[in-house]
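A short write-up of the structure that comes next.
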Amino acid sequence: MAVSSCSFLPRVFNAYSSFECRSDPDFSGTPTGEKPRIGSNGRVTASLFCTGGGGLSSLIFRFPPNFVRQLSVKARRNCSNIGVAQVVAASWSNGPTSLYPSSAAAAASQAAAPSVPVSDDVAVVEGCIDNDSVQIGDSYDSKTSFLSSDGSITVHAGERLGRGIVTDAITTPVVNTSAYFFKKTQELIDFKEKRHTSFEYGRYGNPTTVVAEEKISALEGAESTLIMASGMCASTVMLMALVPAGGHIVTTTDCYRKTRIFIETILPKMGILATVIDPADVDGLESALNKNKVSLFFTESPTNPFLRCVDIEKVSKLCHSKGTLVCIDGTFATPLNQKALVLGADLVLHSATKFIGGHNDVLAGCISGSEKLVTEIRTLHHILGGTLNPNAAYLIIRGMKTLHLRVQQQNSTALRMAEVLEAHPRVKRVYYPGLPSHPEHEIAKRQMTGFGGVVSFEVDGDLMTTIKFVDALKIPYIAPSFGGCESIVDQPAIMSYWYDNISIYILLLFIAYATTFIVVKKRKHLIETWVSQHLIETWMGTFVELCYNVT
């Protein structure tokens with residue numbers, strides 16, 4: 001809230017040291033000072049109120065005493081009203097983020113937030129008392145923070161109570177540097193022997209990036225967060241860091257295509273095998289855990305693109321009983337709608353490019369969890385690279401400050417869109433966790449406070465019908481990605497799986513021609529020609545259906 005007293009404000013206006021801020025003007029002195037300067041419009045110029053000495057009192061005593069008293073009372077009343085309005089707005093914004101919050105999900109959200117009880121009347125004041133600068137240079141500690149809601153965390157975490165950059169600027173400065181110097185060789189030696197802290201080199205860290213990491217950690221309720229150049233960078237480094245050569249992982253059928261490509265083509269080169277199960281197949285997970293020494297269960301929840309939901313609490317307990325780590329890609333959920341760590345997961349991963357950045361203008365990925373696990377991932381990250389540029393980190397910080405409001409609106413809009421689409425006669429099926437028709441709707445209600453801003457659906461028609469529908473839309477851009485302020489639409493068969501479909505097409509044509517060649521050897525020319533055309537038409541029809549159905 002706003003405070004009327006200036007004793008809590010940083011003393012940075014040295015140029016006006018003679019001007020003191022008081023609760024009430026001092027009318028005890030004798031009127032002195034020069035006459036007020038009158039502007040061309042007949043009004044007193046504002047510069048008069050910044051003069052030292054008795055200029056202010058001199059001006060006030062030229063008016064009748066009753067007028068001064070009424071003006072002072074009115075001003076105090078107005079200031080008081082402004083403060084109350086701000087407290088009310090803050091209290092309202094700290095409320096539930098969903099139209100249908102579940103008790104379990106709300107409890108998880110509350111558990112992730114700092115639990116220190118504070119009064120709204122003193123919340124803002126306590127962090128600033130007797131500081132010469134708003135920022136004191138200390139690292140952010142959520143346990144001593146007054147922050148008590150996701151809305152406040154997205155705005156203030158990592159910044160309000162101190163950051164590595166000592167400054168009184170409200171916004172976090174961008175530190176564009178590739179290296180950090182040491183004052184003396186002894187300081188360098190102390191750094192190497194862990195008696196002195198430094199990033200040393202740009203690949204190992206950056207003050208701006210640390211603010212983004214601490215903000216995400218506070219939002220997820222995590223001990224540590226590592227932010228990288230993209231979501232895929234975060235996924236691949238995490239998998240390589242935590243799964244040993246010759247190890248085994250379990251993942252789900254419905255997932256981001258590039259993640260699946262990495263698991264199917266790159267990990268086998270390191271002797272790492274994968275068991276792929278349906279997102280809801282808990283029995284399949286248990287069977288895989290019993291048959292193999294599984295290092296990691298990695299899945300999205302909700303998944304891409306069918307928005308399937310995994311019972312995070314249930315699978316976490318099952319995996320932990322077998323010594324298996326659990327990592328949840330919560331990109332579709334956002335840290336506001338789902339707290340995977342509170343539900344039992346060991347790690348939570350996000351493509352920060354999406355909702356966290358929120359403006360379609362930055363690439364980034366992050367992974368949050370215990371200090372131990374994140375340190376293991378960070379060690380490999382320092383070797384492989386994939387460092388986030390500090391300018392991109394600044395965009396993430398700025399984007400997160402509106403995350404709370406954006407996700408609230410996107411949840412509401414997406415749910416309404418899903419309901420409209422489900423009721424439309426030309427739509428075959430809608431995939432959205434907020435709909436009762438979704439196979440994991442009950443799971444989503446238990447572990448999510450909102451159902452996200454992405455809706456998947458099937459048009460009642462073939463590939464070309466869907467193309468016509470997409471091309472007829474006026475507002476959405478035809479583009480990949482999601483989570484930004486702009487509406488986006490894409491057709492996965494073309495946008496994500498085009499090259500897969502081309503490979504299938506070439507394979508089918510090869511089979512068709514091979515079959516035709518065999519027929520040519522045994523039949524007359526007329527029959528051969530008919531069979532050839534018939535087979536090709538059949539395979540082409542199959543290809544078109546595959547293009548439409550494959551996801």
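Rule-based calculations on the coordinates, nothing more; no lab input. The shown structure was predicted, so the numbers you read here are calculated from the model rather than taken from an experiment. Don't worry about glycine lacking a Cβ; one is built from the backbone with ideal geometry, like all the others, and counts go over all protein chains shown.
Below, the figures for the structure above:
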quantity: Amide H within-cut-off set for THR275, under 5 Å, with H built and near neighbours excluded; calculated: ILE249, VAL250, THR251
quantity: FRET efficiency estimate (nearest 0.05) - Cβ-Cβ, SER487 to ALA179, R0 45 angstrom; calculated: 0.60
quantity: Protection-proxy order for peptides 430-439, 187-196, 370-379, each taking the mean of Cβ atoms within 10 Å per residue, highest first; calculated: 430-439, 370-379, 187-196
quantity: Amide hydrogen neighbours beyond the local backbone of SER224, cut-off 5 Å, H modeled; calculated: GLY369, GLU371
quantity: Using a Förster distance of 51 Å, the FRET efficiency for TYR201-LYS468 (Cβ separation, nearest 0.05); calculated: 0.45
quantity: Order by protection proxy (mean Cβ within 10 Å, highest first), peptides 460-472, 279-291; calculated: 279-291, 460-472
quantity: Simple label model, 7 Å out from Cα along Cβ direction - ALA245 to GLU264, nm; calculated: 2.6
quantity: Enclosed volume per residue, in Å³, of the convex hull spanned by Cα atoms of segment 414-498; calculated: 113
quantity: Computed label-point distance, nm, for sites ALA169 and ILE478 using a 7 Å Cα→Cβ extension; calculated: 4.2
quantity: Three-way shape label, segment 359-433, alpha-carbon gyration tensor, a/c 1.5; calculated: prolate
quantity: Per-pair calculated FRET efficiency, R0 = 22 Å: SER437 and SER412 via Cβ, rounded to 0.05; calculated: 0.70
